[in-house]
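Take a look at the structure set out below.
The values are calculated or read from the model by the stated rules, or taken from the named source; none is laboratory data. Being a predicted model, the structure only gives us computed values, none of them experimental. Cβ coordinates were reconstructed from backbone atoms using ideal geometry, including for glycine residues, and neighbour counts include every protein chain displayed. Calculation scope for accessible area: heavy atoms of the full protein, side chains included, ligands and nucleic acids excluded. Shrake-Rupley method; radii C 1.70, N 1.55, O 1.52, S 1.80 Å.
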Amino acid sequence: MTDEVAVLGVGLHPWGKWGRGFVEYGAAAARAALADAELDWRDVGSIVGADTVRGGYPGYVAGATFAKALGWQGARVSSVYAACASGAQAIGAARAQILAGLADTVLVVGADAAPKGFFRPAGGDRPDDPDWLRFRVLGATNPTYFGLYARRRMALHGDTAEDFAQVKVKNSAMGALNPYARYRKRVTAEEVAASAVVADPLRLLDICATSDGGAALVLSSMDFARRHGMAEPVRIRAVSTVTPRYPSTVLDLPDIATDSAVAVEPAAETFRASIARAAYGEAGIGPEDLSLAEVYDLSTALELQWYEDLGLCAEGEGAKLLREGATGPGGRIPVNASGGLASFGEAVPAQAIAQVCELTWQLRGTAGDRQIAGARVGISTNQGLFGHGSAVVTVR
């Protein structure tokens, strides 16, 4: 177990398609988090930005970009990129600075202005780049992989398209209650089934959209939190940022081939399962201690996979857990009380930060109509391209 850091403040800019720049979304979220923390920007010791590859050079140095937008004041600055795990990596960097004594308070910010439609590769010819190759050689967009994952679950575990649709039904019901969500309308299983096929067996409403949005956290040392008048703040107890183990025997974004297992025995657990195990070990808890979870539901089928990888149920029993109502509001372990990516869409560098914002509201007991009764321990988890795993454990 490691020392904890306090979550002093959280803030979001609503998700949507607003037609403005990512800096505006991030600065708005940062100001909201500072106001929530009752802290002046000039008193922040460090800022960590989660980078976006869609904002030109300012997106590649997001920490400095947001610091300039808020007003230069001499704070330390860092910028982090890890694809979908960028936000969690930024949280990990901020926590490390606090625990190392480099700063008492750190502002973490991520924001994105996403294109319409699927994400596409960065411009230019890069034949040594797996992400470029999977688009140019195979034409494999993200939903292509999501469809393959879904087919794998159907073949191995007997999941059905109806099971996948029920994930969307559950998450849309929670998203309808979230003022920051892009999609605030309940969806029925019939509406999912009537939506267009994108990557068989997944339909349009099975797959998350690409969105604009921004999220921010103010983190501090526990000593600073107490001096600031917060005797029992929500605390971050663990940040897992592990990588896969060789050989990888399941096709994963953006690779177009698996590793050979002839000479080396595969690991006993999957990459995603190792992300959770590392977080549990660092926090000194197990899945049985969780009150709720926020997972990266890029597709409905992937949410079911996360149930198993988090240890919420045995392998192959994700759909059963869903059917039993265990992952819905009032269930044994509610998942994606925020509405998840199904309701937000994906604003890549902001998403993992937004997950921790939701956990913070839930653990504070201030989540309004989405509130999970008695929430004390939460985990957020996602996976970025090229082996970036991430999970954050929060407690109160």
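Looking only at the stretch 149-196, how many residues end up being among the aliphatic types (A, V, I, L, M) and in a loop (DSSP other than H, G, I, E, B)? Residues in the stretch 149-196 being among the aliphatic types (A, V, I, L, M) and in a loop (DSSP other than H, G, I, E, B): 5 in total. From the list Gln97, Gln89, the lone residue that is closer than 18 Å to Glu346 by Cα and in a helix (DSSP H, G or I) is Gln89.
Any residue at all in the stretch 132-141 that is within 30 Å of Gly11 (Cβ to Cβ) and open to solvent by 50 Å² or more (accessible area, probe 1.4 Å)?
Looking only at the stretch 132-141, we keep the residues that are within 30 Å of Gly11 (Cβ to Cβ), and these are none.
Within the stretch 132-141 (the criterion being within 30 Å of Gly11 (Cβ to Cβ) and open to solvent by 50 Å² or more (accessible area, probe 1.4 Å)), the answer is no, since none of the residues qualifies.
Being under 12 Å from Trp15 (Cα atoms) and open to solvent by less than 10 Å² (accessible area, probe 1.4 Å): is that true of Ala347 here? In short, yes.
Looking across the stretch 350-396, the residues that are modelled with pLDDT of 95 or more, of a type in the set (Gly, Ala, Ser) and more than 10 Å from the chain's Cα centre (by Cα) come down to Gly365, Ala367, Gly368, Ala373, Gly374, Ala375, Gly378. If I filter the stretch 325-335 for residues that are in contact (Cβ under 8 Å) with a residue 12 or more places away in the chain, touching a Ser or Thr at 6+ places or on another chain (Cβ under 6 Å) and either open to solvent by 40 Å² or more (accessible area, probe 1.4 Å) or not in a loop (DSSP other than H, G, I, E, B) (or both), do I get at least one hit? There is at least one residue in the stretch 325-335 that is in contact (Cβ under 8 Å) with a residue 12 or more places away in the chain, touching a Ser or Thr at 6+ places or on another chain (Cβ under 6 Å) and either open to solvent by 40 Å² or more (accessible area, probe 1.4 Å) or not in a loop (DSSP other than H, G, I, E, B) (or both).
Of the residues Val242, Val250, the single one that is surrounded by fewer than 18 Cβ atoms within 10 Å (Cβ to Cβ) and closer than 29 Å to Ala94 by Cα is Val242. Of all residues in the stretch 206-222, exactly one satisfies the criterion of being in a helix (DSSP H, G or I) and either free of Cβ contacts under 8 Å to residues at least 24 places away in the same chain or surrounded by 24 or more Cβ atoms within 10 Å (Cβ to Cβ) (or both), namely Asp206. Selection within the stretch 99-124: residues that are over 22 Å from the mean Cα position of the chain (by Cα) and more than 30 Å from Gly19 (Cβ to Cβ). The member of this set that is surrounded by the most Cβ atoms within 10 Å (Cβ to Cβ) is Thr105.
Looking only at the stretch 234-263, count every residue that is among the charged types (D, E, K, R), within 11 Å of Gly387 (Cβ to Cβ) and at pLDDT below 90 and tell me the total.
Counting residues in the stretch 234-263 that are among the charged types (D, E, K, R), within 11 Å of Gly387 (Cβ to Cβ) and at pLDDT below 90 gives 2.
Among the numbered conditions (1) under 25 Å from Leu253 (Cα atoms); (2) touching a Pro at 6+ places or on another chain (Cβ under 9 Å), tell me where Ala64 comes up short. Here Ala64 clears every test but (1).
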